[in-house]
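Student: Pasting in a structure now, in structure tokens, and then I'll have a few things to ask.
The values are calculated or read from the model by the stated rules, or taken from the named source; none is laboratory data. Keep in mind that what you see is a predicted model, and the values were worked out from it rather than measured. Virtual Cβ from ideal backbone geometry, glycine too; neighbours counted across all protein chains shown.
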């Protein structure tokens, strides 16, 4: 069938198309696309994206026939910040950059990273007092920033740096997603969200460049990401701009998704004290564990599986570089193809009662692993390069916090949502109460 035969998603409005539905409730909008078909046409102003709602078709795009696609619409915007880095590269350039950065995420490095993560999470947990109201997103953001900077850059940030980078990450995450759902002309206007997005990107690149320049001037080696990048500049004559683009990709990519996921984890725990008690009992029964052994905590990993299923990346895009047949339709070169992992993870044909938060849907034998249709870190050559690092950060942080604290909601009204690659929570005030065992 022709591209014009692809069913259009319901709810299209004049001028803005489906942009209003995406803005108002992006996860619900994406989850309901499956009702339109395995591929649904979504109009954002004058732009058209054909969004995949079927896992097998997504597997064909990202794994079986990945060379027929390049990055696409969303990446045109973030290229303004990330330049020619891994997150926006295609083809051979993408493979070369992945090979360049992979040693920083090798499993042999994870043990030392895990101890860094535990130290930071323990320090955060020890800083709280019984009955204190903490703003969970800010707390998670700062501990994740410290994890990434200390593990990947061998740099211990001060309080001022943590707050500075926190603001930049928030502006980049919001600007990337808001810009992707705005009609084309609005996405390029000097709106506050666009100005903040570009300014934050420039400042974060400059910050990474300063770390690189300082290491080169100091001459010391730490066997970390900075050393990998500096060594590559000697062998391949890479510019400081190129090196900073790779560094800012790792920094932002390691911070924003993990922060959002940890914040959602604390939210789910605050709403479900019986699950929190079960987790705390498991942690207590296990006794002292090396951070690298947290995979043995069955319920913790099932809980994290469910957090990352319910709260998944909203929208990614690819663009056909040749004519492709997909789902019974023929798409010419230059067609924007979208996919939503959030929609795949809420598809009732894959997950029974998909809107129900239920860690027990995951058999013990798969805790901490991914069944075929569970792809929170994507798949194929688009799989997150830091997926093992991120999963360990989730395990380690929750283990440390739950060893000492219970979390209770401070407000009963609906929590404010925030736009980002994974739709998140704007602010989440929680009361911490000590765990007594």
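Student: State which residue is surrounded by the most Cβ atoms within 10 Å (Cβ to Cβ) when the search covers only segment 39-54 and only residues that are part of a loop (DSSP other than H, G, I, E, B) and in contact with a strand residue (DSSP E or B) (Cβ under 7 Å, 6 or more places away or on another chain).
Tutor: So, considering only residues that are part of a loop (DSSP other than H, G, I, E, B) and in contact with a strand residue (DSSP E or B) (Cβ under 7 Å, 6 or more places away or on another chain), the one surrounded by the most Cβ atoms within 10 Å (Cβ to Cβ) is 53.
Student: Kindly establish whether residue 305 is buried (at least 21 other Cβ atoms within 10 Å of the Cβ) and either out of contact with any strand residue (DSSP E or B) (no Cβ under 9 Å at 6 or more places or on another chain) or under 23 Å from residue 74 (Cα atoms) (or both).
Tutor: So residue 305 passes the test.
Student: Something else now. Test of understanding: among 394, 430, 401, which residue is assigned to a strand (DSSP E or B) and under 17 Å from residue 260 (Cα atoms)?
Tutor: Criteria check complete, one pass: 430.
Student: If I filter segment 336-352 for residues that are at pLDDT 90 or above, farther than 18 Å from residue 26 by Cα and either out of contact with any helix residue (DSSP H, G or I) (no Cβ under 9 Å at 6 or more places or on another chain) or in a strand (DSSP E or B) (or both), do I get at least one hit?
Tutor: The answer is yes; a qualifying residue exists.
Student: Hey, can you tell me all the residues within segment 181-202 that are modelled with pLDDT of 90 or more and surrounded by fewer than 16 Cβ atoms within 10 Å (Cβ to Cβ)?
Tutor: 199, 202
Student: Something else about it: All but one of (1) surrounded by fewer than 17 Cβ atoms within 10 Å (Cβ to Cβ); (2) within 17 Å of the chain's Cα centre (by Cα); (3) in contact (Cβ under 8 Å) with a residue 24 or more places away in the chain hold for residue 379; which doesn't?
Tutor: For residue 379, the exception is condition (1).
Student: Also, quick follow-up: Test residue 357 against the stated conditions and say whether it is surrounded by fewer than 23 Cβ atoms within 10 Å (Cβ to Cβ) and out of contact with any strand residue (DSSP E or B) (no Cβ under 8 Å at 6 or more places or on another chain).
Tutor: Working: surrounded by fewer than 23 Cβ atoms within 10 Å (Cβ to Cβ): yes; out of contact with any strand residue (DSSP E or B) (no Cβ under 8 Å at 6 or more places or on another chain): yes.
Answer is yes for this residue.
Student: Looking at 286, 265, 276, can you tell me which residue is touching a helix residue (DSSP H, G or I) at 6+ places or on another chain (Cβ under 8 Å) and free of Cβ contacts under 8 Å to residues at least 12 places away in the same chain?
Tutor: 286
Student: Given the residues 100, 110, 57, 74, which is the only one that is in a helix (DSSP H, G or I) and crowded, with 21+ Cβ neighbours inside 10 Å?
Tutor: 74
Student: Can you tell me which residue in segment 8-22 is farthest from residue 354 (Cα to Cα), limited to those that are surrounded by fewer than 21 Cβ atoms within 10 Å (Cβ to Cβ) and touching a helix residue (DSSP H, G or I) at 6+ places or on another chain (Cβ under 6 Å)? Let's see the steps before the verdict.
Tutor: Residues of segment 8-22 surrounded by fewer than 21 Cβ atoms within 10 Å (Cβ to Cβ): 8, 10-16, 20.
Now narrow it down to the ones that are touching a helix residue (DSSP H, G or I) at 6+ places or on another chain (Cβ under 6 Å): 11, 13.
Values: 11: 22, 13: 28 Å.
My answer is 13.
Student: Let me ask something additional. Can you name the residue in segment 410-436 that is exposed (fewer than 15 other Cβ atoms within 10 Å of the Cβ) and within 16 Å of the chain's Cα centre (by Cα) and is also farthest from residue 28 (Cα to Cα) among such residues?
Tutor: 426
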